[in-house]
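Heads up: the structure comes next, in structure tokens.
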Amino acid sequence: MTTHVPKLLNVTEACEQLGVSKSWLAQSRLTGRGPAFTKIGTRCLYDPADLTAWLASQRRSSTSQCGPQEGAR
């Protein structure tokens, strides 16, 4: 049986997909507020499906609406 492994995106590619800077993405990894990532050696890699899921979780209908992570404080 063959398992399909998705092409993982490097930090630069993930930033392009999300429209964010490398420093923002690095900070989000540090705080745990960004998309899930995979660490292989010194590289941080992102599954495109995780980026899509994370973006969907960030949807809001107003600026006063707390997200799941902000509301957990």
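Since every read-out is calculated from the coordinates, none of them should be taken as a lab result. Just so it is clear, the model here is predicted, and its values are computed rather than measured. Heads up, the Cβs are rebuilt from the backbone with ideal geometry, glycines too, and the neighbour counts pull from every protein chain shown.
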Among (1) 13.5; (2) 17.8; (3) 12.2, the value of Kirkwood radius over Cα pairs in Å computed for this structure carries the label (1)
Relative contact order of the chain, pairs being alpha-carbon contacts under 8 Å that are 6 or more residues apart, as %: 29
Using the number of other C-beta atoms within 10 angstrom as an exposure proxy, rank Ser23, Ser62 with the fewest first. Ser62, Ser23
What do you get for the angle between helix 48-57 and the principal long axis of the chain? Use alpha-carbon atoms, 0 to 90 degrees, nearest ten. 10
